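The values are calculated or read from the model by the stated rules, or taken from the named source; none is laboratory data. Worth saying up front: this structure is predicted, and the values here are computed from it rather than measured. Every residue, glycine among them, receives a Cβ derived from its backbone with ideal geometry; neighbour counts consider all protein chains shown.
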Amino acid sequence: MTQFPPPHDPKKLLIEIDARMKVRDIREWERLKQRVTVQWWESGLMALLFISGCVMVITVANVMDEYNFVLRAFIVGWSTLFILTLIGCIEFLVNKFRALRKMHEETVRHIEKVDDTLLALRNYLEARDSYLEEPESKNQE
């Protein structure tokens with residue numbers, strides 16, 4: 001960022017600081033927004049995870065020795081439980097990310113509404129200040 005000497009007028013200094021903070025915040029928001037946007041491969045990843053889990057259970061079931069039924073049932077059962085738990089945890093995380101995305105969108109809408117209200121308030125105060133300054137300048141003439 002180009003370095004400019006700070007203005008000596010407090011109002012101009014406040015405007016300059018406000019502008020620099022907004023630019024920094026906008027850049028940070030855009031960076032974060034790009035990190036949480038929905039990617040095309042997320043749905044395919046969930047399908048691939050489910051398919052690989054099913055194939056893993058089938059593989060464990062077919063590899064185990066059929067002579068020891070109790071051991072085979074125990075290992076297949078625990079493998080199935082482990083794979084379903086893994087898929088459930090990943091699905092849980094994906095749902096949390098989706099909720100965070102929706103929360104981000106709602107926050108952006110709320111911030112835009114607050115910014116609009118703040119702008120209207122600033123415009124009102126500027127108009128009021130200019131109205132109050134006009135009679136004083138007329139009295140001085």
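So the values come out like this:
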read-out	value
Every residue from region 12-45 that is part of a helix (DSSP H, G or I) and surrounded by fewer than 10 Cβ atoms within 10 Å (Cβ to Cβ)	31, 34, 35
Boolean, residue 108 is touching a residue at least 60 places away in the same chain (Cβ under 8 Å), of a type in the set (A, V, I, L, M), surrounded by 11 or more Cβ atoms within 10 Å (Cβ to Cβ) and closer than 28 Å to residue 25 by Cα	yes
Checklist (1) modelled with pLDDT of 80 or more; (2) of a type outside the set (Lys, Arg); (3) surrounded by fewer than 10 Cβ atoms within 10 Å (Cβ to Cβ) applied to residue 81, failing item	(3)
